[in-house]
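Everything below concerns the one structure shown next.
The values are calculated or read from the model by the stated rules, or taken from the named source; none is laboratory data. From a predicted model like this one, the values you see are computed outputs, not experimental measurements. Note that each Cβ is placed from the backbone with ideal geometry, even for glycine, and that neighbours are counted across all protein chains shown. Areas reflect the complete protein model, heavy atoms only, side chains present, ligands, DNA and RNA absent. Shrake-Rupley method; radii C 1.70, N 1.55, O 1.52, S 1.80 Å.
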Amino acid sequence: MDHRAETLRAQGALAVLRCAHRFPGITRAEAAGRLGLSSGSAADIMGRLREAGLLAETAAPQTRGRGRPTSALVAHPEGPLVAVVDISHATWTVTTAAIGGALAPAPVHRHLGLPAEAVLPAVRDALRDLHGPRLRAVGVAIPGTVHGHTVVEATNLRWRGVDLRDLTDLPLAVGNDASLAGVAEALRGAARDASVALHLTVEVGVGGVVIVDGRPVLGAAGAGGEFGHLPFGDRERQCPCGAWGCWDLEVDGRAMARHAGREAPEDPRAYAERTLAAARGGDPAAARVCRVTAAALGRGIGALLNAVDPAVVTLGGLGADLLDVAGPALRDGVRRGAMAWRRDELPPVLPAALGSTGPAIGAAESAMALVLTEQLLTPPATRRR
């Protein structure tokens, strides 16, 4: 076979691999139709991928339509994996994902706000336990500003200038947790197939991302999406980031405590959860606090609608909880923040479909993008070292 024919064949195999990852459980016939392949080409490609230990086939669900039975494309039981590290403001997990994106179960570890030098060795050990020929890349989600492989600043973790390349010698993708959750929602969640989506996650502060045609808009240095540091708050109030008037301070447990006349809580996330639970239980004071906080979140969303013009807005973390507990106040805030001409056709504001797994799923997607390349189809013995 000449070089051109082999290149085309590799490109077809890679397209099938990516299709099987993007649409878990897609049938061979559906993949062939989506990619413009003949049934013979699809069968030939699948034979090659099966032999290489990359994809397998299982019986597809029966349908009432006519035609030959077809098979569903699934991850090969010995196929490539990526490791996924999800570090939140209080916990960390290490797990794996296969082609198709499903995350394996994993224990949750608490780090209790310890510095990076106390947390990362345990993460590194957990990754080392996963090492094997199937593991091809690592994705990391972290609640902070990321530039390349460096956590420039994770304000609530009090981590600054932390280089994560020492975690592994495998290809590494690092991203802000809220941005990665937005990627996950656009590919597999509530914003799936939206041309332009805005995702916001409220935990301790608010972060997010704009997704255009399934791709995140992260800025020149990869540090975009720090929406919580827009000056949508009280300009006389200083944020831990060093700026004044940050939106972060208006939408989480710190704001809830302030509205309740209490001191700033040591754990803003836990305080917010207690306040939301009290509001759901009928406590009028807690309900009022949630309405005020939800309105502040909504006004900022309205301003971002003016700037970004998304087709859909998805909310994760406490944002989804505020939408549930104080939806009318949040939506009224959106209307007040939006330009008048937008108010008759505001985009839907939806809870994130993937919940707390969003950052890990997004990290898995980023890592798998490093794996699903033509190099994956090159036999190990012939790869360039």
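Numbers for the structure displayed
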quantity	calculated
Tail beyond 13 Å, pair distance distribution of the stretch 292-339 (Cα, percent)	49 percent
Isotropic mean projected area of the C-alpha convex hull, the stretch 22-145 (nm²)	10.3 nm²
Most mobile of V334, V108, V151 in a GNM of the chain (Cα contacts under 10 Å)	V108
Rounded Å value of the spacing that divides the Cα centres of the stretch 96-174 and the stretch 301-347	32 Å
Within a Gaussian network of the chain (alpha carbon springs, distance under 10 Å), most fluctuating of G245, G261, G139	G261
Sites A122 and A285, calculated FRET efficiency, Cβ-Cβ separation with R0 56 Å, nearest 0.05	0.90
The chain - percent of accessible surface contributed by carbon and sulfur, probe 1.4 Å	52 percent
DSSP bridge orientation in the chain - percent antiparallel, rounded to nearest 5	65 percent
Accessible area of R237 in the full protein assembly, 1.4 Å probe (Å², nearest 10)	70 Å²
Cα-based equivalent ellipsoid, the stretch 211-304: semi-axes from gyration tensor eigenvalues, Å	27, 16, 12
For the chain: Kirkwood Rh in Å [reciprocal of mean 1/r, alpha carbons]	22.3 Å
Where only alpha carbons of the stretch 65-115 are counted, the Rg and the Dmax (Å)	17.6, 61
Convex hull projection area averaged over all views, the stretch 217-264, Cα basis, nm²	3.9 nm²
Heavy-atom accessible area ranking, 1.4 Å probe, most first, across H131, H21	H131, H21
Solvent-accessible surface (1.4 angstrom probe) belonging to I26, in square angstrom, nearest 10	10 Å²
Average accessible surface area per residue within the chain, 1.4 Å rolling probe, Å²	49 Å²
Three semi-axes of the equivalent ellipsoid, the stretch 311-371, Cα gyration tensor, whole Å, largest first	29, 15, 7
Viscosity 1.567 mPa s, temperature 4 °C, Stokes-Einstein D of the stretch 177-219 from Kirkwood C-alpha radius, µm²/s	131 µm²/s
Solvent exposure ordering (accessible area, 1.4 Å, most first) of D193, D321	D193, D321
Kyte-Doolittle at least -0.5, axis length at least 27 Å by Cα - qualifying DSSP helices, the chain	3-22, 284-308
Most mobile of A98, A367, A277 in a GNM of the chain (Cα contacts under 10 Å)	A277
